[in-house]
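Undergrad: I'd like to ask you about the structure that follows.
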């Protein structure tokens, strides 16, 4: 599959820690500035994009309500009807996992002590470089994040379990899907660790710092400050095999999922993203990746040997389009994800790309339709490590 030049929609922009935490753990059922930056404007309504637009990847259009097969790589178009899959509903006749909830404080983290952007402020484009945003109202600030850990009923204590790390938790829908998929033997008996973000969104926020930064820092935070606590307090053993470790998320949480695996493929090799923010949203800017996650399809994937990653990604036809004041032609989520699919195909990755009709940004109904098959596809080639 070849990518053609993508210009049409971009040009339309001018038109529109181990932690000494103080926590509660309990199981349940399954830079200061002289003047403030201007307030972030309301997001304009995104246009509906045609999956057959020139420059988009060639994709197989599926009948309405049908998902791609869990054994199929490549590009697919679904929709516009998004009915909830049976696996996304609680089934009383299958074993129900246990969920442990706890909190983490910024004061306990050596990696993320916390920042926040002043409410009602955003930033301004750098007059010397439209690809940079000047944020003057971000400052140190504390946070508290929630973490939920799903342990399936079938888990045998003492065994090293596969697991998936999710962003923007807790994600109860994921836990329900796993109850059903594990019972059906469609995915391995796995633990899910659903981590809340540190607050805010985009440039200048803690969430933005964690999820949009193009480095291995967030994966290192999870490895050093979250996973040891999970093992200690939830009575589980987490696999060290990178092929037994997955990441997932939506929006910036989606790009974060890929960032974790890209910078630490020795830790994670399976990635699942909805409406991934593969756009220019990193702050502070970095000379190593000056265009943030846009660099994935612009330079990093095309210019690097293929990594041992398996990647599932989705975008909606009404996904985000220039949602802020930056006009750098690197803020169209549909174009970004289309370019991702093209770049992955060109390098021979195992990937599945879903373009969803009648769908917005991180569309809940699309997730409820597709998550079971997405998870099954993600773990399709998994083989437990032998001793």
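Undergrad: Note down all Cβ pairs under 8 Å where the first residue falls in segment 83-97 and is over 18 Å from residue 151 (Cα atoms), the second is at pLDDT below 95 and not in a helix (DSSP H, G or I), and they're at least six residues apart or on different chains.
TA: Qualifying pairs under 8 Å: none.
Undergrad: A further question on this structure: Any idea which residue in segment 263-293 is farthest from the chain's Cα centre (by Cα), counting only those that are surrounded by fewer than 24 Cβ atoms within 10 Å (Cβ to Cβ) and within 21 Å of residue 163 (Cα to Cα)?
TA: So, considering only residues that are surrounded by fewer than 24 Cβ atoms within 10 Å (Cβ to Cβ) and within 21 Å of residue 163 (Cα to Cα), the one farthest from the chain's Cα centre (by Cα) is 266.
Undergrad: Confirm whether residue 290 is more than 20 Å from residue 277 (Cβ to Cβ), in a loop (DSSP other than H, G, I, E, B), out of contact with any helix residue (DSSP H, G or I) (no Cβ under 7 Å at 6 or more places or on another chain) and at pLDDT 95 or above. Full working, then the answer.
TA: Numbers: more than 20 Å from residue 277 (Cβ to Cβ): no; in a loop (DSSP other than H, G, I, E, B): yes; out of contact with any helix residue (DSSP H, G or I) (no Cβ under 7 Å at 6 or more places or on another chain): yes; at pLDDT 95 or above: yes.
Against the criterion (more than 20 Å from residue 277 (Cβ to Cβ), in a loop (DSSP other than H, G, I, E, B), out of contact with any helix residue (DSSP H, G or I) (no Cβ under 7 Å at 6 or more places or on another chain) and at pLDDT 95 or above), residue 290 does not qualify.
Undergrad: Quick one: which residue in 182, 195 is modelled with pLDDT of 95 or more and crowded, with 22+ Cβ neighbours inside 10 Å?
TA: Details: 182 fails: crowded, with 22+ Cβ neighbours inside 10 Å.
Answer to the selection: 195.
Undergrad: Still on this structure, I have one more. In segment 24-47, how many residues are surrounded by 15 or more Cβ atoms within 10 Å (Cβ to Cβ) and either modelled with pLDDT of 95 or more or over 30 Å from residue 89 (Cα atoms) (or both)?
TA: The initial filter retains those residues of segment 24-47 that are surrounded by 15 or more Cβ atoms within 10 Å (Cβ to Cβ), namely 25, 30, 37, 40, 46-47.
Checking the rest, the ones that are also either modelled with pLDDT of 95 or more or over 30 Å from residue 89 (Cα atoms) (or both) come to 37, 40, 46-47.
Counting residues in segment 24-47 that are surrounded by 15 or more Cβ atoms within 10 Å (Cβ to Cβ) and either modelled with pLDDT of 95 or more or over 30 Å from residue 89 (Cα atoms) (or both) gives 4.
Undergrad: Related question: Quick test of your reading of the structure: residue 257 fulfils all but one of (1) more than 28 Å from residue 139 (Cα to Cα); (2) buried (at least 23 other Cβ atoms within 10 Å of the Cβ). Name the failing condition by number.
TA: Single failed check for residue 257: (1).
Undergrad: Here is a check on your reading of the model: is residue 155 in contact with a helix residue (DSSP H, G or I) (Cβ under 8 Å, 6 or more places away or on another chain) and in a loop (DSSP other than H, G, I, E, B)? Lay out the reasoning, then the answer.
TA: Numbers: in contact with a helix residue (DSSP H, G or I) (Cβ under 8 Å, 6 or more places away or on another chain): no; in a loop (DSSP other than H, G, I, E, B): yes.
So residue 155 does not fit the description; no.
Undergrad: Could you grab me the full set of residues in segment 133-157 that are within 17 Å of residue 384 (Cβ to Cβ) and either at pLDDT below 95 or buried (at least 22 other Cβ atoms within 10 Å of the Cβ) (or both)?
TA: Listed by number, the list holds a single entry, 152.
Undergrad: Tell me whether segment 256-270 contains one or more residues that are within 19 Å of residue 374 (Cβ to Cβ) and assigned to a strand (DSSP E or B).
TA: Taking every residue of segment 256-270 in turn, at least one turns out to be within 19 Å of residue 374 (Cβ to Cβ) and assigned to a strand (DSSP E or B).
Undergrad: Conditions first: (1) more than 18 Å from the chain's Cα centre (by Cα); (2) surrounded by fewer than 18 Cβ atoms within 10 Å (Cβ to Cβ). Residue 329 passes all but one, so which condition is the exception?
TA: Only one criterion is unmet by residue 329, namely (2).
Undergrad: So residue 130 fits all but one of (1) farther than 20 Å from residue 208 by Cα; (2) surrounded by 14 or more Cβ atoms within 10 Å (Cβ to Cβ); (3) out of contact with any helix residue (DSSP H, G or I) (no Cβ under 8 Å at 6 or more places or on another chain); what number is the exception?
TA: Status for residue 130: all satisfied but (1).
Undergrad: Let me ask something else. What are the residues in segment 174-197 that are assigned to a helix (DSSP H, G or I) and either over 26 Å from residue 384 (Cα atoms) or over 15 Å from the mean Cα position of the chain (by Cα) (or both), if any? Steps first, answer last, please.
TA: Of all residues in segment 174-197, those assigned to a helix (DSSP H, G or I) come to 174-183.
Answer for segment 174-197, where residues must be assigned to a helix (DSSP H, G or I) and either over 26 Å from residue 384 (Cα atoms) or over 15 Å from the mean Cα position of the chain (by Cα) (or both): 175, 176, 177, 178, 179, 180, 181, 182, 183.
Undergrad: Take residue 380 and decide whether it is touching a strand residue (DSSP E or B) at 6+ places or on another chain (Cβ under 9 Å), on the phi < 0 side of the Ramachandran plot and assigned to a helix (DSSP H, G or I). Give the steps one after another, and end with the answer.
TA: Values: touching a strand residue (DSSP E or B) at 6+ places or on another chain (Cβ under 9 Å): yes; on the phi < 0 side of the Ramachandran plot: yes; assigned to a helix (DSSP H, G or I): no.
Spelling it out, it is not the case that residue 380 is touching a strand residue (DSSP E or B) at 6+ places or on another chain (Cβ under 9 Å), on the phi < 0 side of the Ramachandran plot and assigned to a helix (DSSP H, G or I).
One line per residue, one yes/no per condition, for (1) under 18 Å from residue 171 (Cβ atoms); (2) out of contact with any helix residue (DSSP H, G or I) (no Cβ under 7 Å at 6 or more places or on another chain); (3) at pLDDT below 95; (4) part of a loop (DSSP other than H, G, I, E, B):
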site	(1), (2), (3), (4)
199	yes, no, no, yes
211	yes, no, no, no
226	yes, yes, no, no
232	no, yes, no, no
249	yes, no, no, no
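For (1) touching a helix residue (DSSP H, G or I) at 6+ places or on another chain (Cβ under 6 Å); (2) crowded, with 17+ Cβ neighbours inside 10 Å; (3) in a loop (DSSP other than H, G, I, E, B), each residue gets a yes or a no:
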{"position": "67", "(1), (2), (3)": "yes, yes, yes"}
{"position": "70", "(1), (2), (3)": "yes, yes, yes"}
{"position": "84", "(1), (2), (3)": "yes, no, yes"}
{"position": "87", "(1), (2), (3)": "yes, yes, no"}
{"position": "93", "(1), (2), (3)": "no, no, yes"}
{"position": "102", "(1), (2), (3)": "no, yes, no"}
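Undergrad: Being part of a strand (DSSP E or B), within 20 Å of the chain's Cα centre (by Cα) and closer than 22 Å to residue 268 by Cα, is that true of even one residue in segment 109-127? Quick ask: steps written out before the conclusion?
TA: Going through segment 109-127, the residues part of a strand (DSSP E or B) turn out to be 115-117, 124-126.
The next check asks that each one be within 20 Å of the chain's Cα centre (by Cα); those that pass are none.
Within segment 109-127, none of the residues are part of a strand (DSSP E or B), within 20 Å of the chain's Cα centre (by Cα) and closer than 22 Å to residue 268 by Cα.
The values are calculated or read from the model by the stated rules, or taken from the named source; none is laboratory data. Just so it is clear, the structure is predicted and the values come from calculations on it, not from any experiment. Using ideal geometry, Cβ is built from the backbone for each residue, glycine included, and neighbour counts are taken over all protein chains shown.
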